[in-house]
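*Asks:* Quick one: this structure, given as structure tokens, is what I'll be asking you about.
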Amino acid sequence: MPKENIYQSVQVFYEKVDNCPLRDREFNFFELVYVISGCGVHVVNGNKITYRTGDMFLLAPHDRHEFDLEITCEFMVIRFGESYIKEYQWKSMDHMECILYYASHLSGSVLINREDQQMVSSLMQNLRQAISYEFMYNEDLIRHLVNAIIVIAGRNIAIMKPSGITVRSDGRILQILDYIQEYIREPELLKVTVIADKFGISPTYLGTYFRKQCNETIQSYISSYRIRLIAHRLRFSNKRVHELADEFGFADESHINKFFKRHKGVSLKVFRDTAHLNVSEDA
């Protein structure tokens, strides 16, 4: 399968097309695609999703996607590599790369907040204008606009319900998930009794409620989310094992290694070596 690469940290361009120019391609970078106008079907890893004006899709490295256009469509496309996310100092979303990397499993547009939809529309207009003219400090302006769009995408992804969740009578489950994500590095604050007290419900009911909404236990969700973050730290950072243990609240290196191996089947070192080897081969 043909692969597409980029040779700069960030790339932005505008497209007006009647047919998708690239099909059955695997991309080795993140790609944000904003629909300025038009409609059709977006195919992501074999899954078909209808799209319309104002939608924005985020594709992670190794995703495969294409657009089946019903009419002439206009797109703004932002491409950026893993290094761009790794090198930028996100002030509060320090696991941005994890949020973005797992976005495509959500399918659909990553913009779910109406105010953010309006903000992105305005930012995209400014971005289109910025790439149309050569002015002093244009590159800095483009990066600031791109970063703002990435942050908006990230915070929308962060509050999206995970696969399988079925929110029924209230939205507390989203608040609980947000709490877990915020305090994932503080195990003492993720005890069932602490979470139950925080949301004013009994520990027993919390367990039943969470399983009903998410189709998994709360402990399973916490463990899988922590594993996801650790795996991405291994892939995208140079942090040592003892630093990861400190960051995620483990007693020592042995503890985090046992936890990781129990869920992933390999040690932290083997996972990191394998991830780096795959990146080298893709390059």
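We did not get these values from a lab; they are worked out from the coordinates using the rules stated. Here the structure is a predicted model, which means the values were calculated and not measured. Backbone-built Cβ (ideal geometry, glycine too); neighbour counts: all protein chains shown.
*Asks:* Once you charge only the Cβ atoms, +1 for Lys and Arg and -1 for Asp and Glu, what is the size of the charge dipole of the stretch 172-282 about its Cα centre, to the nearest 20 debye?
*Replies:* Once rounded to the nearest 20, the dipole reads 320 debye.
*Asks:* Starting from the Cα-Cα distance between Lys86 and Asn238, subtract it from 0.36 nm times their residue separation and give me the gain in nm to one decimal.
*Replies:* In short, 53.7 nm is gained.
*Asks:* At most 14 other Cβ atoms within 10 Å and a DSSP loop assignment: could you name the trypsin sites (Lys or Arg not before Pro) in the stretch 28-68 that fit?
*Replies:* Hits after loop and neighbour filter: Arg52.
*Asks:* Figure the gain on full extension for Gln175 and Ser202 (residue separation times 0.36 nm, minus the Cα-Cα span) and round it to one decimal in nm.
*Replies:* Stretched fully, the Gln175-Ser202 segment lengthens by 8.1 nm.
*Asks:* Separate question: Between Ala251 and Asn47, take the C-beta separation as r, use R0 = 30 Å, and let me know the FRET efficiency to the nearest 0.05.
*Replies:* 0.15
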